[in-house]
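A short reminder: the numbers here are calculations on the coordinates, not readings from a lab. Quick caveat, the model's predicted, so the values are computed rather than measured. Here Cβ is always computed from backbone atoms with ideal geometry, including for glycine, and neighbour counts include all displayed protein chains.
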Amino acid sequence: MADEQLKQQIKEMIVDRLFLDADPAEMADDENLMENYEIDSVNLFEIVVGLEEEFDISFEDEDFSVDLFATVNNLAEYVEKKRG
């Protein structure tokens, strides 16, 4: 299970990169990001670049799935897996 600090970092990065009018501290770890924040393919690209820069990881083509980007929990688990 990903730690709270990692999840908070991811939330802050998403809010900053997508210029969301949202408080990262109030985002639920398991809420559907695409539905709640109207995230589209351009926003997903911003999230990917943000995660790669912030956590020094890289996404492979086979890693991309709607489920991966659905929640902060999923993203945090992915980051932890990639960082080993």
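Given the C-alpha centroids of region 66-83 and region 30-57, what is the distance between them in whole angstrom?
That distance is 10 Å.
Pick out the long, greasy-scoring helices in the chain: whole DSSP H runs spanning 20 Å or more along their own axis by Cα, mean Kyte-Doolittle at least 0.5. Please list the in-between numbers first.
Values: long enough: 4-18 (21 Å, -0.71); 41-55 (21 Å, 0.77).
Membrane-span-like by this rule: 41-55.
By per-residue mean of other Cβ atoms within 10 Å, what is the highest-first order of 57-68, 8-19?
Listed from highest to lowest mean packing, they are 8-19, 57-68.
Toward the positive end of the charge dipole of region 20-83, about the Cα centre and with charges on Cβ (Lys, Arg +1; Asp, Glu -1), which of Phe69, Val48, Val79 goes farthest?
Val79
Once you sort the root eigenvalues of the Cα gyration tensor of the chain as a ≥ b ≥ c, which label holds: rounded (a/c under 1.5), prolate (a/b larger than b/c) or oblate (the other case)?
rounded
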